[in-house]
Structures are given as structure tokens and as C-alpha cells.
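No value in this document is a laboratory result; all are computed from the given coordinates. On a predicted model such as this, the values are computed, not experimentally measured, just so you know.
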Amino acid sequence: MSDAWLPEVDELNAPFFEGAREGRLRLQRCGECGSWTFPRKHKCQHCGSDRMEWADASGKGTLFSHALLRRVYHPRHEGRLPIRLAQVDLPEGVRMSTNIVNTNQKAIKVGMQLEVAFEEFDDGGVIPVFQPSGDD
């Protein structure tokens, strides 16, 4: 993903991006204490173990905060504005920076329940985004 505002895929983050291409939200979990982490880390931020493993997360979340992007800052923004930037709290105990899609902008409220979706770009990049949960 050259010229991307996403990290280059490498051996450390490949499971995250492979999961996204497969329609799964994959995050790291400590093999020692079971704590989840995002973004990826070499060691557990809770117990210090280096036994970090990749696992499928629930794909559920609660909106913590959001903002509206109305200006093109990167070529990937072309044709996508406005973009709802968001911080989503996952039940795994991590907060993820993402986008909210597939909803009316006025319907977005802090505390709303969300579920993961995946956005694919023309250059082959795939990222997890969130949309309103069908559970509401």
C-alpha cells in the first residue's frame, strides 16, 4: 500500500490486515493474562509478557467519541467525504480509532452500539470500520 495513510503491511501487523481481508477483526491478546491490546505491541501492557497472540475479536463496540472530516487530506478521501472519524470501545477492553459508515450522520450518538464492517480500497487495502449494530 504505497502512499497510504495506513501502515505498510509487515510481519508484525500482517494478521490484522489479513483478518480484515477475510472479514474478521483480529487483535492481539496476551497468552499469559488474556488481556487484549490495540494497536499491536511486542509485550503485554498489563503483565509484561511477550506471549502476544492474534485472535478474532467480537466485532462489537460502543461509540466513545466522533468527529466529522470534511476536507480531503489524502487521495483515499476523494469521493468519500464526509468521513465520520470515531473512537470505539470494544468489549475486549481496547479503544480503536476507526470510521463510522452506513448511517445517517445525524443518527450518530455517543454510546450507540456498533458492529464491525470492512471497507476495501481500489489499491487492495482493506480496513475495519464500524456501522450501527443490528442489535439496537
Excluding residues on the same chain fewer than 8 positions from LYS60, give the lysines whose Cα lies under 17 Å from its Cα. LYS109
Using helices alone, I'd like the mean residue ellipticity at 222 nm for the chain: each DSSP H run of four-plus residues gives -39500 (n - 2.57), total over residue count, nearest 500. -1500 deg cm²/dmol
